[in-house]
Amino acid sequence: MSELQLGLIGIGAVVLIAIFGFNRWQERNFRRQAEHGFRRDTPDVLMDEPHAAVRARAVEDVAIADDSIADDVVESLSSERVEPVMRFDDALDDVGEVAPVITAESGADESLAPPEAEPSVASAELTYPDDLTAQIYYRASMIAVDGISAKSLLPSREETKSMGKPVYWYGWLTTEHCWELITSASSGIYEKIALGIQLADRSGQITSTQLNQFYAMVESLAARLSAVFDCDDRLQVLERAKALDAFCVDVDVLLGINLVAATEKPFPGTKIRALAESAGMQLAVDGSYHYRDDEGINHFSLQNLDEAVPFTAESMKAMNCFGLTLLFDVPRVPKGLRRFEQMVALAQQMAEALQARIVDDNRRPLTTVELDKIRAQLRDIYARMDAQGIPSGSLTALRLFG
C-alpha cells in the first residue's frame with residue numbers, strides 16, 4: 001500500500017473511534033437525564049392506583065433506543081410509593097388559613113376591591129318625548145358623557161331653519177325628570193336631547209333631500225359633541241310621509257260664513273268693531289278679529305270680505321264695508337263642533353244687527369239645511385282625526401296645520 005492509502009485508513013479509523021465515543025457519551029447523558037426526570041420527591045396523582053392505565057401508557061410511550069434505559073425507567077417508576085389523590089377539601093384543610101373574601105360589608109380596604117365600572121353612554125336609553133311620535137316625525141336622540149348644553153345646539157338649530165320642514169328640539173331635565181322644548185331662550189344643560197323633523201305640513205310631504213339633510217346634520221352634531229346618537233329607520237319614512245300628507249289633505253278644511261249687505265247700505269266700521277269686541281274678539285296685526293281661548297288658540301276669526309282692505313284700529317273709525325267673513329280652521333280648533341255652533345250664533349247675531357244676509361262662498365243663502373250638511377261634514381272629519389290619534393286643536397294638529 002502507498003503511504004497515502006495508509007494515511008486515509010488511519011484517518012478513517014480515528015473518525016470511527018470518535019463517532020463511537022461520542023455516541024456512548026450521549027447515551028450516558030440521556031440515561032442520567034431520564035433517571036433524573038422520573039425521580040419524584042412529591043406524590044404524583046397520575047401514579048395513583050385509579051390511574052394505573054395512565055401510568056402504563058406513560059411507560060409505553062417513552063421512545064428510547066437503548067433497552068437498558070427503558071428497564072431503568074420501569075424500575076424507577078415501580079419503586080416509588082403511590083400516594084392517594086388529594087381532594088379539594090383536603091387541600092383547603094392543609095392550607096390552614098384561607099384568605100377572607102373581600103366585601104363591602106366586611107369593612108375591608110376599598111382600594112383592594114375592583115373599581116366600579118362607570119356607566120356606559122352607549123348603554124343609556126335613547127328615548128323620545130310623547131310629542132315626538134314616529135307617525136308625525138323622523139326622529140333622532142342623542143346623549144353625551146358631559147351633558148349637552150342648549151348653547152352648543154345653536155348652530156345646528158339655525159341650520160334646521162332652512163330645511164323646509166319644522167324641526168323641534170327637546171332636552172331631558174334630570175332634576176325634573178321631564179322633557180323641555182328647547183327654544184332660543186333655553187340655557188340649560190341636558191342629559192340627553194331628542195329632535196324630530198316633521199314629515200308633512202300644509203306645503204306637502206318631506207322630500208328625500210330634506211330627510212338626508214336632517215340626518216347629515218344629526219351625524220355632524222353627534223361628532224361635534226362626542227355623543228352617541230340613534231335615529232329612526234329611514235326605509236319607510238317617505239311612505240309614512242306620503243300617507244300622512246294624504247290624510248292632512250282630506251281633513252284640511254277652512255269653513256267660511258259670509259255676511260253681505262241686504263241693501264245698498266254698507267256696514268259701518270264702528271259698529272263692526274263694537275259687535276266683534278262684545279263677542280270677546282280682539283283685533284290682531286293680521287288685520288282680522290280673532291276669538292281665542294285662554295291658551296291663545298284661535299277658534300275663529302272675522303275679516304273684511306274684501307281681503308285687500310284689512311281692519312286697523314284707526315281705519316275702523318271711518319271705514320265702511322259691504323261684506324264680512326267669519327273663518328273656521330277645522331283641524332286647528334279644539335272641541336270643533338261646539339266652537340262652530342258658537343260662530344254660527346255670532347253670524348246670526350251680526351246679520352240681524354247689520355241687516356245682512358248669511359251666504360256661502362258662492363253667495364248662495366246658507367240655510368238651516370246647508371248648515372246641517374256642514375255639521376255632518378265636521379263630525380266625519382273629527383272622527384277621522386281622532387281615529388288617527390290627532391285630535392283637532394291638539395299640539396300635533398296645530399303643528400301639522402300651522
Checklist line | Test: residue in the range 262-275 that is within 46 Å of the chain's Cα centre (by Cα) and closer than 29 Å to Arg375 by Cα | finding: no
Check: Give me the pairs: first residue in the range 248-275 and farther than 30 Å from Phe401 by Cβ, second residue acidic (Asp, Glu), beta-carbon distance under 7 Å, and six or more apart or on different chains, which are they?
Finding: none
Check: What residue, among those in the range 316-342 that are farther than 12 Å from Gly393 by Cβ and among the charged types (D, E, K, R), is modelled with the lowest pLDDT?
Finding: Lys317
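If you take the residues in the range 343-367 that are of a type in the set (S, T, N, Q) and at pLDDT below 95, which one is farthest from Val330 (Cα to Cα)? Explain how you work it out, then say what you get.
The initial filter retains those residues of the range 343-367 that are of a type in the set (S, T, N, Q), namely 348-349, 355, 362, 367.
Remaining after also requiring at pLDDT below 95: 355, 362, 367.
Numbers: Gln355: 28, Asn362: 20, Thr367: 20 Å.
Per the criteria, the residue is Gln355.
Which ones in the range 159-186 are aliphatic (A, V, I, L, M), closer than 22 Å to Leu211 by Cβ and not in a loop (DSSP other than H, G, I, E, B)?
Residue satisfying the conditions is Val167 alone.
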Note to self: Return the residues of the range 293-337 that are farther than 19 Å from Leu366 by Cβ, part of a helix (DSSP H, G or I) and without any contact (Cβ under 8 Å) to a residue 60 or more places away in the chain; say none if nothing qualifies.
What the structure shows: Ser315, Met316, Lys317
Check: For residues in the range 236-256 being within 25 Å of Asp361 (Cα to Cα) and touching a Phe, Trp or Tyr at 6+ places or on another chain (Cβ under 9 Å), which is surrounded by the most Cβ atoms within 10 Å (Cβ to Cβ)?
Finding: Cys248
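The values are calculated or read from the model by the stated rules, or taken from the named source; none is laboratory data. On a predicted model such as this, the values are computed, not experimentally measured, just so you know. Here Cβ is always computed from backbone atoms with ideal geometry, including for glycine, and neighbour counts include all displayed protein chains.
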